[in-house]
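**Q** Below you will find the structure I want to go over with you.
The values are calculated or read from the model by the stated rules, or taken from the named source; none is laboratory data. Predicted, not measured: the structure shown is a model, and the values here were computed from it. Please note: Cβ atoms are built from the backbone with ideal geometry, for glycine as well, and neighbour counts cover all protein chains shown. Please note that ligands, DNA and RNA were not included when accessible areas were found on the heavy atoms of the full protein model with its side chains. Shrake-Rupley method; radii C 1.70, N 1.55, O 1.52, S 1.80 Å.
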Amino acid sequence: QVQLVESGGGLVQPGGSLRLSCAASGIPFSHYTMGWYRQAPGKQRELVAYIISAGNTNYANFVKGRFTISRDNAKNTVYLQMNSLKPEDTAVYYCNGRFATINYWGQGTQVTVSS
């Protein structure tokens, strides 16, 4: 059974930081491209960042310089370090695992940036 379990979301003030984690099971994690997406109320789900099996990363323009994606293949876990958070970063953040045409999603974790 494949599971992607996110954690680390919560309420943070503008300018603050959070680190999201996504623990994967049931997949050969090191072979998968892992990504983070987000969906704000009334908006479509959008890509935040992804990291391929070799460790190369890619970021959406709106998070460049603020967010960092990383992976620990020994722990089957992908992380998203979020710094300098803004109110517009408020959304449900989803973990994604992709290999060829295979696609898995986590259940999402809420991130709220508000004073």
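**Q** Order these peptides, 47-53, 10-16, by their mean beta-carbon neighbour count within 10 angstrom, highest first. Walk me through the intermediate numbers first.
**A** On the way: 47-53: 18.7, 10-16: 12.9.
With the highest mean Cβ count within 10 Å placed first, the list reads 47-53, 10-16.
**Q** HN-Hα J couplings of the stretch 22-32 from phi, Karplus 6.51/-1.76/1.60, θ = phi - 60°, integer Hz, Gly and Pro as x?
**A** 9, 9, 9, 9, x, 9, x, 3, 5, 8, 8
**Q** Something else: Once the Cα gyration tensor of the chain is found, what semi-axes does its equivalent ellipsoid get, as square roots of 5 times the eigenvalues, in whole Å, sorted largest first? If you can, show how the numbers build up before the last one.
**A** Values: eigenvalues 106, 39, 33 Å².
Here the semi-axes work out to 23, 14, 13 Å.
**Q** Could you compute the longest span of the chain free of trypsin sites (Lys or Arg not before Pro) located in DSSP loops and having at most 12 other Cβ atoms within 10 Å, not counting the site residues?
**A** Numbers: sites that count: 43, 64, 75.
Free of exposed loop sites, the longest segment is 1-42.
**Q** Calculate, for the chain, the solvent-accessible area per residue in square angstrom, rolling a 1.4 angstrom probe over the heavy atoms of the protein chains.
**A** The answer is 53 Å² per residue.
**Q** Lysines within cross-link reach of residue 64: Cα-Cα under 24 Å, excluding same-chain residues under 8 positions apart?
**A** Partners found: 43, 86.
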